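The values are calculated or read from the model by the stated rules, or taken from the named source; none is laboratory data. Every value quoted in this text rests on a predicted model; they were computed, and no experiment measured them. Only protein heavy atoms, including side chains, enter the accessible area calculation; ligands, DNA and RNA are left aside. Shrake-Rupley method; radii C 1.70, N 1.55, O 1.52, S 1.80 Å.
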Amino acid sequence: MFALIAALVFIGSFLLAAGTIIGMFALYHDKIVAALTFEPIPQEVPVYRLRISRRRAAPSIRPTAPAFTAAALAA
């Protein structure tokens, strides 16, 4: 008797699961097909163009001090 009830519960749960899968497939068939056949829009690879410019130092107007002065040698 226990085996018969267990078999009925097993078969009932199997049929319920199969029915749920089939029902969901029937409801969402269009969305499943659209998702499987979707091809993303190709995007162009970004190209980075770098321009490196170095500013040159402007010539100084002030006169420069000599490297070795008498005061530096005296210290």
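Overview of results
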| quantity | calculated |
| --- | --- |
| Filtered residue count, the range 16-63, keeping only those that are at pLDDT below 90, polar (S, T, N, Q) and open to solvent by 90 Å² or more (accessible area, probe 1.4 Å) | 2 |
| Residues of the range 1-52 classified as part of a loop (DSSP other than H, G, I, E, B) and not charged (D, E, K, R), total | 14 |
